1. Which residue is surrounded by the most Cβ atoms within 10 Å (Cβ to Cβ), if the candidates are limited to region B:216-251 and must be free of Cβ contacts under 8 Å to residues at least 40 places away in the same chain and under 14 Å from residue B:276 (Cα atoms)?
2. Name, by its number, the condition in (1) under 28 Å from residue B:12 (Cα atoms); (2) away from chain B (no Cβ under 14 Å); (3) buried (at least 17 other Cβ atoms within 10 Å of the Cβ); (4) touching a helix residue (DSSP H, G or I) at 6+ places or on another chain (Cβ under 8 Å) that does not hold for residue A:92.
3. In region A:159-196, how many residues are at pLDDT 85 or above, outside any helix (DSSP H, G or I) and away from every other protein chain (no Cβ under 14 Å)?
4. Identify all residues within region A:170-199 that are in contact with a strand residue (DSSP E or B) (Cβ under 7 Å, 6 or more places away or on another chain) and crowded, with 24+ Cβ neighbours inside 10 Å; write none if there are none.
5. Are there any helices (runs of 4 or more DSSP H) wholly within region B:1-108 with 1 or more residues that are over 22 Å from residue B:563 (Cβ atoms), within 14 Å of chain A (Cβ to nearest Cβ) and at pLDDT 85 or above, and if so which?
6. Name every residue in region A:208-227 that is out of contact with any strand residue (DSSP E or B) (no Cβ under 8 Å at 6 or more places or on another chain) and not in a loop (DSSP other than H, G, I, E, B), in order of residue number.
7. Of B:547, B:537, which residue is under 19 Å from residue B:487 (Cα atoms), assigned to a helix (DSSP H, G or I) and touching a residue at least 60 places away in the same chain (Cβ under 8 Å)?
8. Of the residues in region A:197-223, how many are more than 14 Å from chain B (Cβ to nearest Cβ) and either under 15 Å from the mean Cα position of the chain (by Cα) or under 20 Å from residue A:64 (Cβ atoms) (or both)?
């Protein structure tokens, strides 16, 4: 992991163009988190990595789907595959299906991550089991762009059980909740397909959220935190 | 957009492409659609579209779940869902094309994920994609076309190398006709036939056909007649020629062969011979030929031979179905052959047991009267007779009844079961003089008791089949005058007809009984037949065929030709489905029924069946409005 240490120790060198893109992203205004769902844009993400160790494993891909005004905008979706110096091992490839060649031919990490940031803007991020996605994305952004990524995240793994407390014990994984709402996935463990499934889960939770008076990102966040405090770590 | 994002768009496009009409569209247009779609969620009970949303409304394609259309306003029959939409189905085409709000509430009857496309993009897509445009404007017609292709594909494996009966004769002609001058010798003509290996020789003068000689004729006219081979061939040729233009559809040639008992039809273009179409060209049949059956019927000397013919009719129908003959032509051909069969039975009966000179006419009733016979048709028939001055109708009836009884039994032996309701010529109630028939009909129209109404649905579809046709025609003319005058009677018929609702379901696609089936005849055919009859009676129409009736009422009742076409297509589809069902049952040696489990249909047919029921509802709605039911 020499390459990693090197980047951790010294901030990465960005080209003037990359630095300008990053500065432009930083300068974007942040949206208000109390505006209603049907006037907001959220970005639902899922990541694929070389393993489950957030400290050592590498980020391979991010899939992102925007939910605008309560609808998934199919064309407002994005997938980046980060170029890897070495492909992940065979078992791992079998999970996400991104082969060694594709991994090595991905976009150079700084470029890929800038693409991602520009796609994201400053809109809030939503995922299922945020801790993992957040850690992987944070580390990659710090490593390759020197960015301390402080962003609003919402975890559906806490929101969903908060709305369905009776199911909370049995329903843990994304697949459980997908089953409950008859959400299909055209390619499980493909970052974009999983992001789409997660976005569909967000849509399916909306009627219950509305019934609970949770009309904005901030309201959903409060629900998530309440459940987080009440429950064992999921 | 990055290349990677395309995987989601591509997956969405792939998903669309499983369903009609997207499966018929160019890949780039489906991709375009996916790029312009958003995905939304509606919880059970939520309205997806409703009339109070102002236009433009979005185009909706269902991803998962069920959406139900509820008819708004006072006309709702007890909150019936009038349509139910499932995965892959799209709506509301009418509202989008007309840029108006929807007229019904579309409500999620389960949790629904659906794709939503802005109206502007929908309209752009209709301009981009001809296939999509076609679908939106000719919805049922299009689905039917696809279904027909499927049927043909399915059957063509069984019998290869066939000409679809819808193709025109120009496409059926296989070679230049082999011809000779009329004054060629018989020997020369036969040699030419031998050299070219053809079954028919046509004599032409300046390309104008003058006569035809077939191999079949050779035996009787040349060999057995010991004809002088040096004589001009024209002398032994058939000179009553049946000709059709090249653009005539193949089934017309088939019908001509059936009616006239011939094996060859000449194709002429402005009088000039363009080709010869043989029965073999039309049907790649090993055993059963159209003209062979009709000739066999005409010449059958015993009931046993006729029984064989009746079986051949069924086999023929199967072959024609395999060739994609449309339901209208198919039922027409079956009816034509059954008419011949009935005629022959009556002729044989008259030979065996001569009855005194009574002027009478055998009436076909019910589906036979409407030219809509399929394979498991009960016999429905009657007799109309004309007593001469001084003759007593009762005495004539005494003579006719045993005669009719023997005919009914013979028909039963040929596979037309005796009518359970005893609607047969051997029933003294249905063997009447013209005057008595008028009195009976008049009574029904005046009283309109439940039994009267039921009878009128069978008897008012009468047509003359054998004998003194003018008697049947006189009765028809009388009915044309009498029926429109009594609006109360028509109202009662409408009330009766509307008791039978197409089985569109609230929860599933279809309302099915305990056995999980719908009745194609009762639920599918009858609503069209009943409505067409009532409308036809109301306008004083003369037709008995449902399609003809529908076409006949369009102008007087101010129904759009487009709607009439949709009704006719719906009716024909369900007839076709019924014919296919009966054949399948026949093949498996099962008794014929009209009940079908919708789950056994392919998705396309299931959708069309729903569309058919929707059209039936629409026609019934008109009936209900016109007669304030």
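The values are calculated or read from the model by the stated rules, or taken from the named source; none is laboratory data. Owing to the predicted nature of the structure, the values given are computational and were not obtained by experimental measurement. Quick reminder, even Gly has a Cβ in these numbers, built from the backbone with ideal geometry, and neighbours come from all protein chains shown.
1. Out of the qualifying residues, it is B:241.
2. (4)
3. Total meeting the criteria: 1.
4. A:191, A:192, A:194, A:195, A:196, A:198, A:199
5. Numbers: elements: B:6-16, B:27-35, B:93-98.
Passing ranges, in order: B:6-16, B:27-35.
6. First, the residues of region A:208-227 that are out of contact with any strand residue (DSSP E or B) (no Cβ under 8 Å at 6 or more places or on another chain): A:208-214, A:218-219, A:222-223, A:225-227.
Passing the criteria: A:208, A:209, A:210, A:211, A:218, A:219, A:222, A:223, A:225, A:226, A:227.
7. Numbers: B:547 fails: under 19 Å from residue B:487 (Cα atoms).
Matching residue, one of B:547, B:537: B:537.
8. Number satisfying all stated conditions: 3.
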